[in-house]
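What follows is one structure encoded as structure tokens, with my remarks underneath.
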Amino acid sequence: MDNNEFRTVRMDKDSIADFIKKDVKKNDVERIRKYGSFLIVISGPEEGKVFYINKPNLIIGREDEVDIKIKESYISRKHAQIISQRHAKLISAGNEVILIDLQSTNGTFVNGKRIKEVTLRDGDEIRIGNVIMKFFQEEIESPYDDKTSFSDKNVVTDFYKRVFQECELYFGGRTKKFLDRQINAHLGKTPQTIDYRDKSELAKWIGISASLFIDEKSGKELAEKIRSL
């Protein structure tokens, strides 16, 4: 774990959103933007630790030589592997982060399902042994990102259209990708099903994400705009 940076915070499972919104310091935001993704331990002996995915391959386990060491008896010595395409420095590399179970005794679970290999998505919950971690990934701009702005030809709700217009002032050509990810990852909905009843929850997550991707002031401003729709 010596090669992986982390900081410790006081938190429980219900305080993740407040942690991201209020307790992430400037240097942590810079690391998040630099590394692109990170894990927060929300339950278990390492609760409160933040692990940055900062190289192509990271091993999670309980032996001393692994990158993310968690001392828990139900975790194998080398339990799981994280592969970061962003840090692979390959011409064809994308931004995917892949989690692989290393034939562990007690298995690796993502969102309650046992996995062998899976591409992680922003907001995924990972459980190994009795330890629960939350995966977060920053939106990373590339020449291949979808730059298409919202079009009335898309079949979406009126609420989505209004939210899109507010977000576009902050995210420009990245708005559709940013907004759709917030709706899907944090609310489990789509642009075709989101409505005004989701306003408060959506405003919270948009505010959190905008605070990380832009700055805290912009995040607060945008969240208030969504709440006032």
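The values are calculated or read from the model by the stated rules, or taken from the named source; none is laboratory data. Bear in mind that the values here come from a model prediction, so they are computed numbers and not experimental data. So basically every Cβ, Gly included, is an ideal-geometry build from the backbone, and we count neighbours across all protein chains shown. SASA here: full protein model, heavy atoms, side chains in, ligands and nucleic acids out. Shrake-Rupley method; radii C 1.70, N 1.55, O 1.52, S 1.80 Å.
The simple spin-label model puts a point 7 Å past each Cα toward its Cβ; for R77 and T105 those points are separated by 1.2 nm. The solvent-accessible area of K69, taken with every protein chain present and a 1.4 Å probe, is close to 40 Å².
Take F159, F171 and sort them by solvent-accessible surface of the protein heavy atoms, 1.4 Å probe, largest at the top.
Ranking F159, F171 by accessible area, largest first, yields F171, F159.
Compute the Cα gyration tensor for segment 181-229, then decide on rounded, prolate or oblate, letting a ≥ b ≥ c be the square roots of its eigenvalues: rounded whenever a/c is under 1.5, prolate when a/b is larger than b/c in the other cases, and oblate in all that remain. Oblate, because a/c is 1.5 or more while a/b does not exceed b/c. For the residue pairs K134/K225; K161/K204; K113/K177; K49/K225; K134/K161; K49/K71, alpha carbon separations beyond 22 Å are given by K134/K225; K113/K177; K49/K225; K134/K161. Taking a Cβ cut-off of under 12 Å around D101, the surrounding Lys, Arg, Asp and Glu residues balance to a net charge of +4, with basic ones at +1 and acidic ones at -1. With the Kirkwood sum run over all distinct C-alpha pairs, segment 153-192 has a hydrodynamic radius of 10.2 Å.
A simple spin-label model places the labels of E65 and V155 5.6 nm from each other, with each point 7 Å out along Cα-to-Cβ.
Across segment 56-67, coupling constants 3J(HN,Hα) worked out from phi with the 6.51/-1.76/1.60 Karplus curve, θ = phi - 60°, read x, 10, 10, 9, 9, x, 10, 7, 5, 7, 6, 7 Hz, and Gly and Pro carry x.
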